[in-house]
Amino acid sequence: SKKGQRARVLLADDHPAVVKDLCAVLQPEFDVIATVANGVALLAKVDGLSPDVIVTDISMPGLDGIAAASEILRKNPAARIVFVTVHDETELVKKSLAMGVLGYVLKLTAGEDLVPAIHAALRGEQYISPLAGLH
């Protein structure tokens, strides 16, 4: 991206404390343009805001992150999505990447992994937390 232009990130997580923590990780490098607490709100915001990268939890009430991501990617296959989750099951990682999600970051290591995952997503590359079971 051009110098001085910060990537625009839309963040979805249903825990206010987590949102606060993740914003603290993101804001030095990216513009967090909105935060939402569930998949339905995420879908509504994506259309209006066209974020560069979507960072979303997997377990959320109503519409979960997997369902929301799959709907976003169906409408816009070029969307860049990074999951931030407590779930480290290998099957879930594989399913996410097969869907077209670019990043899979564990909440445990989001402080180290989230920023590189977003940079990778901006390049169209996949990034998986080293602890997420695929290594």
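Please enumerate the residues belonging to the stretch 118-135 that are in contact with a Leu (Cβ under 8 Å, 6 or more places away or on another chain) and under 11 Å from residue 80 (Cα atoms).
Correct list: 118, 120, 121, 124, 125, 126.
I need a count of the residues in the stretch 34-45 that are out of contact with any helix residue (DSSP H, G or I) (no Cβ under 7 Å at 6 or more places or on another chain) and either touching a residue at least 60 places away in the same chain (Cβ under 8 Å) or not in a helix (DSSP H, G or I) (or both).
Number satisfying all stated conditions: 2.
Out of curiosity, is residue 132 touching a Gly at 6+ places or on another chain (Cβ under 9 Å), surrounded by 17 or more Cβ atoms within 10 Å (Cβ to Cβ), of a type outside the set (D, E, K, R) and not in a strand (DSSP E or B)?
no
Out of 52, 31, which single residue is in contact (Cβ under 8 Å) with a residue 60 or more places away in the chain, over 22 Å from residue 132 (Cβ atoms) and surrounded by 13 or more Cβ atoms within 10 Å (Cβ to Cβ)?
Of 52, 31, the one residue that is in contact (Cβ under 8 Å) with a residue 60 or more places away in the chain, over 22 Å from residue 132 (Cβ atoms) and surrounded by 13 or more Cβ atoms within 10 Å (Cβ to Cβ) is 52.
For the stretch 1-28, name all the residues that are part of a helix (DSSP H, G or I) and touching a residue at least 60 places away in the same chain (Cβ under 8 Å).
Answer for the stretch 1-28, where residues must be part of a helix (DSSP H, G or I) and touching a residue at least 60 places away in the same chain (Cβ under 8 Å): 18, 21, 22, 25, 26.
Name the single residue that is least open to solvent (accessible area, probe 1.4 Å) among those in the stretch 82-101 being among the aliphatic types (A, V, I, L, M) and assigned to a helix (DSSP H, G or I).
93
Does residue 79 satisfy being touching a strand residue (DSSP E or B) at 6+ places or on another chain (Cβ under 7 Å), open to solvent by less than 50 Å² (accessible area, probe 1.4 Å), of a type outside the set (D, E, K, R) and part of a strand (DSSP E or B)?
Judged against the criteria, residue 79 is not a match.
Kindly provide the set of residues from the stretch 56-95 that are touching a helix residue (DSSP H, G or I) at 6+ places or on another chain (Cβ under 7 Å) and either without any contact (Cβ under 8 Å) to a residue 24 or more places away in the chain or closer than 16 Å to residue 129 by Cα (or both), ordered by number.
56, 57, 58, 81, 82, 83, 84, 85, 86
The values are calculated or read from the model by the stated rules, or taken from the named source; none is laboratory data. Values in this document were obtained by computation on a predicted structure and should not be read as measured data. A quick note on method: Cβ atoms are made from the backbone with ideal geometry, for glycine too, and the neighbour counts reach across all protein chains shown. To get the accessible areas, we keep the full protein, side chains included, count just its heavy atoms, and leave off ligands, DNA and RNA. Shrake-Rupley method; radii C 1.70, N 1.55, O 1.52, S 1.80 Å.
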